[in-house]
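Written out below as structure tokens is the structure these notes cover.
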């Protein structure tokens, strides 16, 4: 599962495995092994990848299907996949506004 998600996220950013391994200061063959699910990344590296891609570790592990959910306290809001990052930020601002009116 994690390999498929890593491939998707890397391609979404328009990066090759070689370029990404250079950016992350990791051996190309090691990263390639992560994408093929032949090598399991350390927890620290999974966190680094999640931060790099701006997704949750839960998404990388296949626990949730929304790569960039909006978190409200302990609850997550699942959003349609076609929303851009800008749309997601705008939606989060609107949700924050709605919540502020309740105070």
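The values are calculated or read from the model by the stated rules, or taken from the named source; none is laboratory data. These numbers come from a predicted model, not from an experiment. Cβ sites come from the backbone with ideal geometry, for glycine too, and all protein chains shown count toward neighbours.
Any residue that is closer than 24 Å to residue 84 by Cα and not assigned by TED's automatic domain parsing to the domain that holds residue 82 - is there at least one of those in segment 35-46?
yes
Just to check your reading of the model, which residue among 11, 46 is closer than 19 Å to residue 63 by Cα and in a helix (DSSP H, G or I)?
Step by step, each of 11, 46 is checked, and only 46 is closer than 19 Å to residue 63 by Cα and in a helix (DSSP H, G or I).
Pairs under 6 Å by beta carbon, first residue on the phi > 0 side of the Ramachandran plot in segment 23-43, partner part of a helix (DSSP H, G or I), six or more apart or different chains?
Matching pairs, first to second residue: 37/3.
Restricting the search to segment 55-85, which residues are modelled with pLDDT under 85 and within 17 Å of residue 11 (Cβ to Cβ)?
67, 68, 81, 82, 84, 85, listed by residue number.
Condition first: surrounded by 14 or more Cβ atoms within 10 Å (Cβ to Cβ) and either without any contact (Cβ under 8 Å) to a residue 12 or more places away in the chain or over 19 Å from residue 20 (Cα atoms) (or both). Now tell me which residues in segment 49-58 satisfy that.
Quick first cut of segment 49-58, residues surrounded by 14 or more Cβ atoms within 10 Å (Cβ to Cβ) only: 49-50, 52-53, 55-58.
Selection gives 50, 57, 58.
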